[in-house]
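The values are calculated or read from the model by the stated rules, or taken from the named source; none is laboratory data. Since the model is a prediction, treat every value here as computed from it, not as a measurement. Please note: Cβ atoms are built from the backbone with ideal geometry, for glycine as well, and neighbour counts cover all protein chains shown.
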Amino acid sequence: MNVLECEGLVKAFDDLVAVDGVGFHIAEGETYGLLGPNGAGKTTSISMIAGILESDAGTVTVAGTEITTRTTEGKAKIGYVPQDIAIYPDLSARENLRFFGKLYGLPKQSLDSRIDEVLEVIGLSDRGDDRTEEYSGGMKRRLNIGIGLLHEPTLLILDEPTVGVDPQSRNAILESVEQLGRRGTALLYTTHYMEEAERLCDRVAIIDGGKIRAEGTRRELVELVGQRDTVNLGVVGSAQRLVDALGAVEEIESITSTEGSVEILVEGASSLLPRILDIAQQAGVGISGVEVVEPNLESVFLHLTGKALRD
Amino acid sequence: MRAALVIAAKDLSQRIRDRSAILLGLVAPLGLALIFSAIIPSGTESFDVKVGLLDDDGGPITAPFVDEVLPAVTADGIMAVTDYGDLPALESDVEAGSQNAGYVFPAGFSDDILTAQGGTVRLLGNVDSSISTQIAQAVLESYLSEVDAIGIAVGSALLSGATDVDDITAKAAATPAAVTLADTEAANRELDITTFFSAGMAVFFLFFTVQFGVSSLLEERFYGTLPRLLGAPINRWAIIGGKALTSFVLGIVSMIVLAVGTTVLIGAEWGNPVGVLILMIAGVMSALGIMAVVAVISKTPEQAANWQAIVAVALGLLGGTFFPLSQGPRLLALFSKLTPHAWFLQGLGDLSAGDGLEVVITPTLAMLAFFVVTIALAVVFGRKRVLAP
Ligand SMILES: Nc1ncnc2c1ncn2[C@@H]1O[C@H](COP(=O)(O)OP(=O)(O)OP(=O)(O)O)[C@@H](O)[C@H]1O
Ligand SMILES: [Mg+2]
């Protein structure tokens, strides 16, 4: 059984259709990414999935239970980490966790020990009794995630959990998300960072303008663009001479040159690279550097929407 | 219900921590009630209005006032009366403030009344002691209203052919003179000044206290925690319920503490505790409804706080929490009934007059009407927005 199934989700704010027929599913233990730029409709989609925002149309089922804004029990299966930090600044981390633990109906006897566990996971054990307004931005982010984990949800929804976080905290957050994924929690992860989607997600949906434009594993998505790699060569001497010499190689799809560098678009750069270097040597052109760029989700996004993921 | 309690418990602990609820709910009203009751001499025992009397008339109409009314009022400790022989001395003493007010009955006053020509009494007042002057005026007026009756009685007696004017007047005046004083008390169904300020400040600040619970819903949105509450496995109404419960607890606790505090510290007399509690509950609910409407149509916690302060002050002033409504124009007393404050104070006033519990029914229903109407408005305005993330 899928942990999440959603279908035909629609939400309009006045004239603006923020989400327009979004649907996908997440299998048990799967990490699913929603990758899209600002305003793509990520937060709006997951707000409907979590039963926070009333949808105009569509259905959501989490572990077999239908979720609407009026659902009560079913929501206990969902953990939700909002995009904006959502904690009480005048309460300590422990008090924040205790409040939400009670709200989720966690048993009294085990609540304190569960809070200790979560504080451990998010690395706030020694600061758990301080008011959260005294926390650094990264600490607040970690608590923000911790509250979502507290009741051990079947599906954990994380809305851009690394936005505005320093590289060190960011890495820590990504690592704990990976760990959760390995432990078998199904994850719905939204981001506009291509690298995060590639690193964490088993499958990714590319969302833009309220619609899912494509969906699949990284490999599947990249195939959509055609598997062309880009080879960048640093050239000592005449770049034009190299371009002429490479003209005979059929596998090369296109070739462009600037002063001191040549850019080649090929299918399967790794197998062709030795031949290219050979030809350069025979033509008497020195090579000062080689870079192979495989297609990534950034280029998929560019291909699908005609615009960059981030401006 | 469980979720509402969890939310209310969290909110209350936050409110206790930030102290502003304690400040506005307890410290400010108690402090002001103490200050007011210290500045304005309280209680009938200690409140002496010094009045000078110049009776150039000495006739049958002034006699009951001078011989019966004034001594009775003096015995009650309301007034101290000094006799004067000439007008300039009285005028200068009133001006200097050694007398708060002066009664001047001109020569021939009684005759003028008895011959139905209408006489004039002068009341000298001092601007610096306006309350004293008003008291002196109230005593005189309630007597003069009797004089009108006497004048009419005498007038009709003369028409019907009676001759002994002095005798008739004496008879007519004898009974009303006693009635006059009884009337003064009965008409004055108001709280003594200490209790008035205690209750006035309590109900005035109640609106600020209650606002803390209601507005915390906006705070949840501001902190971003509202989506978390909406995503939790609880009934959405529990969120509203928790906030309302927080407001109610804050309001009722502050009222009870203030009632007990002012009773112990400055001897306020709130009256029958059951009646007082009923009025308090209704008062808190009306405040809750009114503040809820303001919160619902506000966008940020600051905006709500500003508007709630304006509404609380405006209603408090109109409702007569700072000065007894009887001292103001009639129209104000009428308009004040558009505020829960006035109903609350009226209920307490009636209760303190020693009447039975049934006197709180009308004020209670009036305050509950405020609650019902404002909650309905809040639902109409807020239905779509309040529980949206
Ligand atoms: N409450 C709202 N009222 C009106 N418009 C809204 C509201 N919430 C979202 N929108 C609009 O809906 C669109 C999608 O917003 P959404 O927050 O879902 O985007 P997002 O993908 O989460 O973007 P970001 O990466 O910036 O968080 C945007 O154009 C936004 O302006
Ligand atoms: Mg978003």
Checked against (1) within 13 Å of another protein chain (Cβ to nearest Cβ); (2) over 21 Å from B:I234 (Cα atoms); (3) outside any helix (DSSP H, G or I), A:G123 satisfies every condition except (1)
When (1) within 13 Å of ligand 1 (Cβ to nearest atom); (2) within 14 Å of chain B (Cβ to nearest Cβ); (3) without any contact (Cβ under 8 Å) to a residue 60 or more places away in the chain are applied to A:E95, the one that fails is (1)
Considering region A:1-31, residues that are away from ligand 2 (no atom under 16 Å from the Cβ) and within 14 Å of chain B (Cβ to nearest Cβ), and then whichever is modelled with the highest pLDDT, we arrive at A:A12
Going through region A:131-147 in order, the residues found to be away from chain B (no Cβ under 12 Å), farther than 13 Å from A:D84 by Cα and surrounded by fewer than 20 Cβ atoms within 10 Å (Cβ to Cβ) are A:E134, A:S136, A:M139
So the helices (runs of 4 or more DSSP H) completely within region B:238-338 holding 2 or more residues that are modelled with pLDDT of 90 or more and not assigned by TED's automatic domain parsing to the domain that holds B:A138 are B:273-296, B:301-318
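State which residue is farthest from B:V147 (Cα to Cα) when the search covers only region B:49-69 and only residues that are among the hydrophobic types (A, V, I, L, M, F, W, C) and either in a strand (DSSP E or B) or in contact (Cβ under 8 Å) with a residue 40 or more places away in the chain (or both). Working first, answer last.
Start the filter on region B:49-69 by keeping residues that are among the hydrophobic types (A, V, I, L, M, F, W, C), which leaves B:49, B:51, B:53-54, B:61, B:63, B:65-66, B:69.
The next check asks that each one be either in a strand (DSSP E or B) or in contact (Cβ under 8 Å) with a residue 40 or more places away in the chain (or both); those that pass are B:49, B:51, B:53-54, B:61, B:63, B:65, B:69.
Details: B:V49: 23, B:V51: 21, B:L53: 18, B:L54: 18, B:I61: 7, B:A63: 11, B:F65: 10, B:V69: 13 Å.
Ranking the candidates gives B:V49 first.
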**Request:** With the condition kept exactly as written, say whether any residue in region A:98-120 is away from every other protein chain (no Cβ under 11 Å), part of a helix (DSSP H, G or I), more than 16 Å from ligand 2 (Cβ to nearest atom) and closer than 19 Å to B:F222 by Cα.
**Result:** no
Residue pairs qualifying under the 7 Å Cβ cut-off, at least six apart or on distinct chains, with the first in region B:71-95 being in contact (Cβ under 8 Å) with a residue 24 or more places away in the chain and within 12 Å of B:L53 (Cβ to Cβ) and the second being part of a helix (DSSP H, G or I) and hydroxyl-bearing (S, T, Y), are B:A80/B:T74; B:V81/B:T74
A:E73 meets each of (1) at pLDDT below 95; (2) facing chain B (nearest Cβ under 7 Å); (3) within 25 Å of A:T162 (Cβ to Cβ) with one exception, condition (3)
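With away from ligand 1 (no atom under 16 Å from the Cβ), surrounded by fewer than 24 Cβ atoms within 10 Å (Cβ to Cβ) and in contact (Cβ under 8 Å) with a residue 24 or more places away in the chain as the only criterion, which of A:K77, A:K102 stands out? Quick ask: steps written out before the conclusion?
Details: A:K102 fails: in contact (Cβ under 8 Å) with a residue 24 or more places away in the chain.
Unique residue meeting the criteria: A:K77.
Which residues, taken from region A:153-176, are outside any helix (DSSP H, G or I) and either within 16 Å of ligand 2 (Cβ to nearest atom) or surrounded by fewer than 16 Cβ atoms within 10 Å (Cβ to Cβ) (or both)?
Across region A:153-176, the qualifying residues are A:I157, A:L158, A:D159, A:E160, A:P161, A:T162, A:V163, A:G164, A:V165, A:D166.
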- Flag if B:F205 is among the aromatic types (F, W, Y), farther than 24 Å from B:A38 by Cα and at pLDDT 85 or above: no
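Mind checking which residues of region A:13-31 are in contact (Cβ under 8 Å) with a residue 60 or more places away in the chain, more than 9 Å from ligand 1 (Cβ to nearest atom) and within 20 Å of the chain's Cα centre (by Cα)?
So in region A:13-31, the residues in contact (Cβ under 8 Å) with a residue 60 or more places away in the chain come out as A:17-24, A:26-31.
Within this subset, residues satisfying the condition of being more than 9 Å from ligand 1 (Cβ to nearest atom) are A:20-24, A:26-31.
The answer is A:V22, A:G23, A:F24, A:I26, A:A27, A:E28, A:G29, A:E30, A:T31.
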Problem - A:I87 vs. criteria at the interface with chain B (Cβ under 9 Å from one of its Cβ atoms) and either touching a residue at least 60 places away in the same chain (Cβ under 8 Å) or assigned to a strand (DSSP E or B) (or both) - result: yes
* For region A:32-40, does any single residue satisfy the condition of being more than 10 Å from ligand 1 (Cβ to nearest atom) and either outside any strand (DSSP E or B) or at pLDDT 95 or above (or both)? -> yes
Residues of region A:177-206 being away from ligand 2 (no atom under 16 Å from the Cβ), closer than 14 Å to A:T154 by Cα and not in a helix (DSSP H, G or I), in sequence order, are A:R183, A:G184, A:T185, A:A186, A:L187
Counting only residues in region B:364-389 that are in a helix (DSSP H, G or I), touching a residue at least 24 places away in the same chain (Cβ under 8 Å) and within 14 Å of another protein chain (Cβ to nearest Cβ), the one farthest from ligand 1 (Cβ to nearest atom) is identified as B:V386
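Could you check region A:44-69 and list, in sequence order, the residues that are away from ligand 2 (no atom under 16 Å from the Cβ) and part of a loop (DSSP other than H, G, I, E, B)?
Answer for region A:44-69, where residues must be away from ligand 2 (no atom under 16 Å from the Cβ) and part of a loop (DSSP other than H, G, I, E, B): A:G51, A:E54, A:S55, A:D56, A:A63, A:G64, A:I67, A:T68, A:T69.
Could you tell me whether A:I67 is more than 23 Å from A:R199 (Cα to Cα) and touching a helix residue (DSSP H, G or I) at 6+ places or on another chain (Cβ under 7 Å)? Give the steps one after another, and end with the answer.
Values: more than 23 Å from A:R199 (Cα to Cα): yes; touching a helix residue (DSSP H, G or I) at 6+ places or on another chain (Cβ under 7 Å): yes.
Here the answer is yes, as A:I67 does meet what is asked.
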- Task: Test A:V10 against the criterion of being within 16 Å of ligand 1 (Cβ to nearest atom), β-branched (V, I, T), touching a residue at least 40 places away in the same chain (Cβ under 8 Å) and touching a helix residue (DSSP H, G or I) at 6+ places or on another chain (Cβ under 7 Å), and give yes or no.
- Result: no
Note: among B:A366, B:A388, just one is at pLDDT below 85 and small (G, A, S), namely B:A388
The correct count of residues that are over 16 Å from the mean Cα position of the chain (by Cα), free of Cβ contacts under 8 Å to residues at least 40 places away in the same chain and within 16 Å of ligand 1 (Cβ to nearest atom) in region A:134-171 is 0
